[in-house]
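Student: Supplied in structure tokens, the structure appears directly below.
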Amino acid sequence: MNYKWLKGFIVALMVGAGGVIAPAEATGWVSPIDLKSADKALIPFPREVRWSGKQVLPAVSSWQLEGMDVSGLPMVRTAWEAFQKECRREGGVSMVLRLVLDADALPEAARPEGYKLILGDEPSLTAATEAGLFNGIQTLRQLQASGKSLPCGEITDWPAFACRGYMQDCGRNFRSVERLKKELDLASRLKVNLFHWHLTDYPAWHIQCKAYPELNDPRHRTRDKNDTYTYEQIREVCRYAAERNIRVIPELDMPGHSAYFDRAFGFKMHSEKGMKIVGELLDEFCREIPAEMCPIIHFGADEVRIPNAPQFVDFVTRKLQSHGRTPMQWASSRDLPVGDSSIEQRWGEGADMVAKSIIPERIVRKAFDSTMGYTNLLDPAMLVRRYFFMRPCGSAKGDALKLGSIMCIWPDGKVDDKDNIPGMCSMWPGMCAMAERAWVGGGSDGDALPLDMPGPDTEAHKAYSNFEHRMNALRKSIFKDEPFPFWPESRIEWTVVSPVPTAQAEQTRQKVLRGEWEQLKTRKAYCANLYFRTRPDTGYLGMFMGTKPGNTVWAVTTISSRSAGDKPFMIGFDAPARSNRRWTGVPRAGEWSQAGTRIWVNGQEVKNPRQYRLAGQKALKGNKWNFEEPLDKEEIWWVQEPTMLPLQKGANTIIIEQPYVGEHQSWGVSLIPLFKDAAGKSRNLRK
């Protein structure tokens with residue numbers, strides 16, 4: 001999709017007769033799944049489902065297999081043993097699942113990973129491959145986790161795209177093998193089947209090196225100085241992943257992102273002496289990690305300019321091919337040319353990257369799509385929306401060239417406590433959305449929808465609401481022990497006053513406080529998280545994409561409460577980039593943001609009750625590649641404790657004034673209630 005056309009389309013879509021702003025309801029987006037059937041907590045939701053009315057199976061305390069010996073099927077055995085541990089409970093009945101492995105059981109397109117699961121008097125699981133049986137068990141596990149009883153029915157399911165993956169950057173922030181295994185376990189629950197393991201970057205070559213041990217010398221490292229993956233550990237992770245139907249793609253980033261190399265040897269990786277060492281490093285890695293474990297090896301080649309680029313790419317690709325490997329490279333205008341035999345990984349943000357990355361006709365070789373947004377740039381809701389609505393490789397389904405999607409987790413900056421990475425980067429909500437879209441596919445172009453959610457009567461809104469509630473159920477079961485910074489947002493409705501120059505804001509503010517809507521240009525918005533205009537590194541996306549700094553917006557909503565008192569909300573006004581640190585900073589005492597945000601509840605202005613250690617600090621108007629200053633939790637609103645607002649019993653009017661002070665700001669509003677409303681309906685309670 002051409003980004004300039006997209007921007008013009010959004011502006012035209014949002015400006016109606018008389019200049020009145022209208023939400024993006026005319027998109028015609030059609031859900032690829034039957035929403036009437038999607039009433040179970042399953043992600044990704046199966047392609048074809050037929051529930052048997054209200055029939056249910058009783059609570060289950062144990063399951064047994066029959067029909068085949070699974071001792072020679074490591075994926076099935078692994079999934080089944082994990083399922084057995086989850087099922088042990090009191091008072092249930094014992095159930096039997098019949099397994100059938102039949103190469104001709106499913107349509108040809110469904111055979112590689114598809115399955116048929118029948119739940120009733122005689123439950124059965126049929127697939128053409130071991131991977132298909134594995135996926136069927138994952139669906140059964142999700143159904144079991146979501147309630148005491150099981151629905152009766154028939155599921156026929158297969159993925160739209162062959163690859164659904166995630167990338168973990170262990171070159172900048174080393175992750176333990178134990179933690180990687182835990183993440184592989186959870187990713188496999190979502191039928192994710194690819195782990196892109198970024199092993200090297202500026203701070204260190206974190207791979208054991210026998211030929212040149214100086215590469216492992218802590219003196220040449222800037223982070224995690226004593227942490228190295230031995231070859232046995234790499235093989236261990238690969239074996240562990242394979243038992244969960246996940247293929248590992250190791251990345252040895254070269255010739256860029258290799259400052260450790262310069263420090264260790266005193267010359268550049270792309271020099272004649274450097275290329276000789278590169279060849280030996282690749283020889284050693286390929287000898288230690290067999291091709292059947294890692295048939296694809298990623299060699300980066302991103303964000304670098306060297307005089308001998310074609311020669312370097314040719315040298316590395318031929319070296320990898322000599323070991324029976326398929327090369328893989330990053331692919332954007334900032335990278336070395338992609339070799340003719342390489343798989344490309346499309347990436348990037350902003351107008352230039354989007355225009356070059358997601359037009360299906362431009363995919364002329366095997367490609368992965370990583371253009372939906374890096375987890376370190378977007379806040380949780382925008383990340384989830386973009387992966388939910390934007391189609392991998394710009395297509396409804398994959399083919400021989402359009403392989404699928406890889407969600408990239410780039411903490412970039414130094415992280416002191418590595419357990420904070422999934423929460424700070426919203427790893428699991430993003431992965432749920434990626435897994436859903438890459439498995440289910442989609443026939444409609446929804447690229448515009450993450451910018452401006454359509455109204456409740458549209459199919460797009462209903463589908464998103466359905467998904468977020470399925471995801472919320474899994475947050476409470478499968479992901480109950482993990483940071484999961486996402487809360488259903490589709491029940492919130494706003495009246496938004498169009499941008500006004502900040503210098504003229506006083507007159508508009510008074511009209512808003514008096515409720516004089518007929519004198520104001522307003523529009524509706526239908527989600528808890530509003531995006532007016534994001535930073536340039538995310539493409540200036542949002543409801544008011546053409547607006548420049550120096551303007552102010554007002555957002556008004558009504559929240560009901562069962563009782564009077566202070567009520568908890570997740571509240572945020574900026575999504576700091578976790579790499580270049582651009583944002584408005586930690587609020588000063590009593591303030592909501594350093595941008596001058598103000599809040600009124602029922603006509604009374606409310607000051608921020610939160611006490612900050614870093615009050616008034618961390619504001620950064622431009623790029624600051626300060627990778628070695630660890631991010632503090634106070635810089636990220638979605639990993640903090642809720643903020644309390646004083647509400648009265650019944651309806652409460654909340655007004656938020658949000659100025660736009662600079663392009664370093666991700667201009668928007670997030671207001672998420674975490675309590676039961678006046679009707680007794682849950683407002684995102686965790687348990």
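The values are calculated or read from the model by the stated rules, or taken from the named source; none is laboratory data. In this text the structure is predicted, and so the values were computed from the model without any measurement. Cβ coordinates were reconstructed from backbone atoms using ideal geometry, including for glycine residues, and neighbour counts include every protein chain displayed.
Student: Given the options GLU113, GLU48, name the one that is touching a helix residue (DSSP H, G or I) at 6+ places or on another chain (Cβ under 7 Å), of a type in the set (Asp, Glu) and touching a residue at least 60 places away in the same chain (Cβ under 8 Å).
Tutor: Of the residues listed, the single one that is touching a helix residue (DSSP H, G or I) at 6+ places or on another chain (Cβ under 7 Å), of a type in the set (Asp, Glu) and touching a residue at least 60 places away in the same chain (Cβ under 8 Å) is GLU113.
Student: Test each condition in (1) over 30 Å from ASN245 (Cβ atoms); (2) touching a residue at least 24 places away in the same chain (Cβ under 8 Å) for TRP330 and report the one that comes out false.
Tutor: Tallying (1) over 30 Å from ASN245 (Cβ atoms); (2) touching a residue at least 24 places away in the same chain (Cβ under 8 Å), TRP330 fails exactly one: (1).
Student: I'm told TRP592 meets every condition in (1) touching a residue at least 40 places away in the same chain (Cβ under 8 Å); (2) within 19 Å of TYR531 (Cα to Cα) except one. Can you identify the failing condition by its number?
Tutor: (1)
Student: Now for a different question. Check VAL364, VAL354, VAL415, VAL384 and return the single one that is at pLDDT below 95, assigned by TED's automatic domain parsing to the domain that holds ARG172 and either within 17 Å of PHE467 (Cβ to Cβ) or not in a loop (DSSP other than H, G, I, E, B) (or both).
Tutor: Step by step, each of VAL364, VAL354, VAL415, VAL384 is checked, and only VAL354 is at pLDDT below 95, assigned by TED's automatic domain parsing to the domain that holds ARG172 and either within 17 Å of PHE467 (Cβ to Cβ) or not in a loop (DSSP other than H, G, I, E, B) (or both).
Student: Which number in (1) crowded, with 24+ Cβ neighbours inside 10 Å; (2) within 28 Å of the chain's Cα centre (by Cα); (3) more than 23 Å from ASP34 (Cβ to Cβ) marks the one condition that PRO499 misses?
Tutor: Failed condition: (2).
Student: If I go through segment 201-218 residue by residue, how many of them are in contact (Cβ under 8 Å) with a residue 24 or more places away in the chain, more than 10 Å from PHE174 (Cβ to Cβ) and outside any loop (DSSP other than H, G, I, E, B)?
Tutor: 5
Student: Assuming GLN144 fulfils every condition listed in (1) at pLDDT below 95; (2) in a strand (DSSP E or B) apart from one, which condition is it?
Tutor: For GLN144, the exception is condition (2).
Student: With buried (at least 19 other Cβ atoms within 10 Å of the Cβ) and not assigned by TED's automatic domain parsing to the domain that holds GLY300 as the only criterion, which of LEU117, LEU180, LEU215 stands out?
Tutor: Testing whether each residue is buried (at least 19 other Cβ atoms within 10 Å of the Cβ) and not assigned by TED's automatic domain parsing to the domain that holds GLY300 leaves just LEU117.
Student: Name the residue that is surrounded by the most Cβ atoms within 10 Å (Cβ to Cβ), counting only residues in segment 628-671 that are in contact with a helix residue (DSSP H, G or I) (Cβ under 9 Å, 6 or more places away or on another chain) and part of a strand (DSSP E or B).
Tutor: SER670
Student: Assess whether ASN602 counts as being at positive phi, in the same structural domain as LEU513 (by TED's automatic domain parsing) and of a type in the set (S, T, N, Q).
Tutor: When the stated conditions are applied, ASN602 passes them.
Student: Looking at GLN611 and the list (1) free of Cβ contacts under 8 Å to residues at least 24 places away in the same chain; (2) outside any loop (DSSP other than H, G, I, E, B); (3) polar (S, T, N, Q), which single condition is not satisfied?
Tutor: Failed condition: (2).
Student: Oh, and also: Hey, any hits in segment 526-548 for a residue that's surrounded by fewer than 17 Cβ atoms within 10 Å (Cβ to Cβ), modelled with pLDDT of 95 or more and either more than 24 Å from GLU468 (Cβ to Cβ) or not basic (Lys, Arg) (or both)?
Tutor: Yes, because at least one residue in segment 526-548 is surrounded by fewer than 17 Cβ atoms within 10 Å (Cβ to Cβ), modelled with pLDDT of 95 or more and either more than 24 Å from GLU468 (Cβ to Cβ) or not basic (Lys, Arg) (or both).
Student: Here's a follow-up. Pairs please, first residue from segment 305-323 and at pLDDT 95 or above, second anywhere and surrounded by fewer than 21 Cβ atoms within 10 Å (Cβ to Cβ) and not in a helix (DSSP H, G or I), Cβ atoms under 7 Å, 6+ apart in sequence or on different chains.
Tutor: Going by the 7 Å Cβ cut-off, the qualifying pairs are ALA309/PRO337; PRO310/PRO337; PHE312/ILE306; VAL313/PRO337; THR317/SER341; GLN321/SER341; HIS323/ALA291.
Student: Which number in (1) part of a loop (DSSP other than H, G, I, E, B); (2) at pLDDT below 95 marks the one condition that PRO159 misses?
Tutor: Among (1) part of a loop (DSSP other than H, G, I, E, B); (2) at pLDDT below 95, PRO159 violates only (2).
Student: Further, regarding this structure: State whether the residues of segment 309-319 include one that is closer than 23 Å to LYS366 by Cα, of a type outside the set (A, V, I, L, M) and within 26 Å of the chain's Cα centre (by Cα).
Tutor: Within segment 309-319, not a single residue is closer than 23 Å to LYS366 by Cα, of a type outside the set (A, V, I, L, M) and within 26 Å of the chain's Cα centre (by Cα).
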